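Taken together, the values in this text are just the output of simple stated rules run on the coordinates, not laboratory data. Predicted model, so just to flag it, every value in this text is computed and none were measured. Methodologically, a virtual Cβ is constructed for each residue, glycine included, from the backbone with ideal geometry; neighbour enumeration extends over all protein chains shown.
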Amino acid sequence: MPLYADVIIDISTEKLDRPFSYRVPEELKESVHEGAEVKVPFGAGNRERKGYVVGFSEKPAVDESRIKDILSVDESSVSAEAKLLSLASWMHRRYGSTMINSLQTVLPVKKKIKEKSFKNYCRNKGEAEIRAEIASLNPVRFAGRIRMLNALLIADVIPGDIAVSKFSLSPSVAQTLEKQGFIKVETTRQYRNPVAADFSLSSLRSIDLTDEQKLVVKGVKEELGKTDRRPCLIQGVTGSGKTEVYMELIRDVVSKGKQAIVLIPEIALTFQTLMRFYAVFGDRVSVIHSKLSPGERYDQYERALNGNIDIMIGPRSALFTPFKNTGLIVIDEEHETSYKSEKMPKYHAREVAEYIAAREGAGLVMGSATPSVESSYKARQGIYAYFKLENRFGNAVLPTVHIVDMRKELKSGNKSFLSRELSNAISERLIKGEQTMLFINRRGVAGFISCRSCGYVMKCPHCDVSMTEHADGRVVCHYCGHTIRKPEICPECGSRYISGFKAGTEAVEAGLKKMYPSARVIRMDADTTKEKDGHEKLLSLFADGKADIMVGTQMIVKGHDFPNVTLVGAIAADISLFSSDYHSPERTFDLLTQAAGRAGRGDRAGEVFIQTYDPEHYALKAAADQDYERFYKEEIIYRKLGDYPPLMHVLLLEFYSKDKQAGELRAGLMAERAKGREGIAVLGPAPAAISRIRDIYRTGLYFKSADIDKLTEIKDQAEALQAQFMEARSGPDVTLQFDFDPVENF
């Protein structure tokens, strides 16, 4: 009986966003399986295309005479688990992506990489036979063979690398000795291990919990043991030991033969988190993230698939680890916006984790010192189970926080980026041999370059954004990478008074080195961590006490634990406070609270300075007092007044086109079709905050509703209308993307 396969073609356009039927030839029936990568003829010219098998049937959906045969199967590709294919299908429907984009998201490892292996050469004959063979050989002609035979008289097993490096064993000599029966070659798979090669453990560490931590563990276990279990939210002050709670919960899951996934928001946190878990669980732990080599990523995928590890740690892509029996998903620092994908499908890891946990019968645990407003709201509604850790672990106490009014500093004649209070505090730490962390949420030297004579601001010719000055004299667009040399005179009026607003990490680093010439200063931002292991090298340097001051972007204040850090400074808290995004107060509160949590994690008290031009803002005052409840109560009022999540859902339709008018017309048409529908508010269309990037114009159209299903209907209708335009091929191309409850300004 003929067998037909449903194949998704590897072309990311809405027009082809459906499976196509292909006949499975008899000779390929054994190798074609769900998830297989295949080559198929496609289109009028029968051009060979790559595709993925997503299902089978014995009766095709179209006339059999129109169906073509699958040409071949790529057996080197990684076979997808049926569960991952099912997940891709759900994400495709939920977030409005093409199916191929969803498949590429849940299959982070697409290709099989050549396996690494090591050889052992084992003695296979007795000593007398080996000596007799040595005596029979010409020592000049067979010197290599004699060296290896003599080595076998000393050791029964010789590792392959030793045989090559010490005894100059060549492949031909090895083949001859194996053929003659003198050696037996044992080949063992060697997984590429992203854990540092010099990291070893003499014994595994036990988990010692405080009474407060034990109560939380007990409560979470009871909740996850219910048939109607809820996701669990743990709110714990910085330094309260949430990681120890996670590890105890994971140990319980692993003891039952299940696996756990631990999500962390930043690659910068990977090394420290991995080492803490490695100390408790040994080499049953691994990590996956974008900085690993293709071979390392492939091996971690294989280890998970084969059951060689129990715990996977990493950013949001770790959520798609192919464990066969997932028992627990942990989302640390669940408030972080990095859990939301910026590419299609624009999923939120928290929502996908809820779906996976419900489907797998697994537990979901989220933790943060500053839970997202959305998660906190769900906890108060009883949708999430809620637990709290109110005390810091050990002898550590919360730091003293000072809000510094930079308006007063300016009036008193201080034009430095450091207030007098913060400057004096840094000097004190240098004398005491303690460490300081200073952060500013902007890399580079200058936020923008402007002319003081005519007001001209240097903008990227391809994007509607100002360009950033770097220390080497370059001016760079951080959106498209366009780079030029800094002009000596203003291109607009010819004035020489053109310079940058010095507010970046490079400028702060340079200023610190001038102010404290004997201090060891290091900088950590996207520019200094580009290379593989860039984060680990800088963090290890700081942790080993080889630097006095670390200056960087927000990546330095998230989750790190440095006992010798007793001072943290926020250089310009207002940068994140006054963006046009409604999340800006929450982001600022989270960032400052997390930053404050880096100080005083050891036995010595910590101190934090928040420099601002708006010291009375509720987010800053709540952060200074580490008062989450106060912040939440005020913030939720503004969310209600503005009809923002979590009280309302938002759907953003993003239109991209090289033709500005074409995108606006398409957005206007979709807005007209939705107007008047009950329970749905339509906002726009309007140009995006950055209306052009890489010469592509961007237009946004927003819909608000308390009912997510109504917004999903809007999404479905927009997809159908977009497909009609794609089919007609009339007018300029317009690309459409969807973003539910966006966390970044468009």
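Projecting the Cα positions of Val508, Val7, Tyr95 onto the charge dipole of the chain (unit charges on Cβ atoms of Lys, Arg, Asp and Glu, taken about the Cα centre) puts Val508 furthest along the positive direction. A dipole drawn for region 210-314 from +1 and -1 charges on Cβ atoms has a positive end, and of Leu263, Leu249, Ile288 the residue lying farthest that way is Leu249.
For region 263-389, what does the alpha-carbon gyration tensor say about shape, rounded, prolate or oblate, given a ≥ b ≥ c as the root eigenvalues, a/c under 1.5 as rounded, and a/b over b/c as prolate? Prolate, because a/c is 1.5 or more and a/b exceeds b/c. About its Cα centre, the dipole of region 649-740 is roughly 320 debye, where the only charges are +1 on Lys and Arg Cβ and -1 on Asp and Glu Cβ. Computed 3J(HN,Hα) for region 275-292, one whole-Hz value per residue from the Karplus formula 6.51 cos²θ - 1.76 cosθ + 1.60 where θ = phi - 60°, is 5, 5, 6, 4, 5, 9, 10, x, 7, 7, 10, 9, 9, 9, 7, 6, 7, 6, glycine and proline marked x.
Each 20 Å bin from zero up to the one holding the largest Cα-Cα distance in the chain carries the following percent of pairs: 14, 41, 33, 11, 1.
Length available on full extension from Ser453 to Glu178: 0.36 nm per residue minus the Cα-Cα distance, which gives 90.8 nm. Cross-link partners for Lys256 among the lysines, with Cα-Cα distance under 20 Å and sequence neighbours closer than 8 places in the same chain left out: Lys214, Lys218, Lys221, Lys226, Lys324.
Exposed loop sites were defined as GluC sites (Glu not before Pro) in DSSP loop states (anything but H, G, I, E or B) carrying at most 10 other C-beta atoms within 10 Å; in the chain the longest segment without such a site runs 76-389. Computed from the C-beta positions of Leu153 and Asn193, the FRET efficiency with R₀ = 45 Å rounds to 0.85. Dipole check for the chain: with +1 at the C-beta of Lys and Arg, -1 at the C-beta of Asp and Glu, and the Cα centre as origin, the magnitude is about 1440 Debye. The translational diffusion coefficient of region 353-410, from Stokes-Einstein at 37 °C and 0.692 mPa s with a Kirkwood hydrodynamic radius over alpha carbon pairs, comes to 215 µm²/s.
In this label model, Glu75 and Arg677 are separated by 4.9 nm, measuring between points 7 Å along each Cα→Cβ vector.
The equivalent ellipsoid that matches the C-alpha gyration tensor of region 4-106 spans semi-axes of 21, 16, 13 angstrom, in descending order.
Evaluated with a Cβ-only charge set (Lys, Arg +1; Asp, Glu -1), region 117-189 carries a dipole of roughly 140 debye about its Cα centre, given to the nearest 20.
In region 117-189, one over the average inverse separation of all distinct C-alpha pairs is 12.1 Å, which is the Kirkwood hydrodynamic radius.
Bridging of Lys179 to lysines at a Cα separation below 30 Å is possible for Lys114, Lys116, Lys119, Lys125, Lys166, once same-chain residues fewer than 8 apart are set aside. Each pair of Cα atoms in region 649-740 enters the Kirkwood radius, and Stokes-Einstein at 10 °C and 1.306 mPa s then converts it into a translational diffusion coefficient of 120 µm²/s. Excluding residues on the same chain fewer than 8 positions from Lys29, give the lysines whose Cα lies under 20 Å from its Cα. Hits, sequence-local ones excluded: Lys39, Lys50, Lys59, Lys68.
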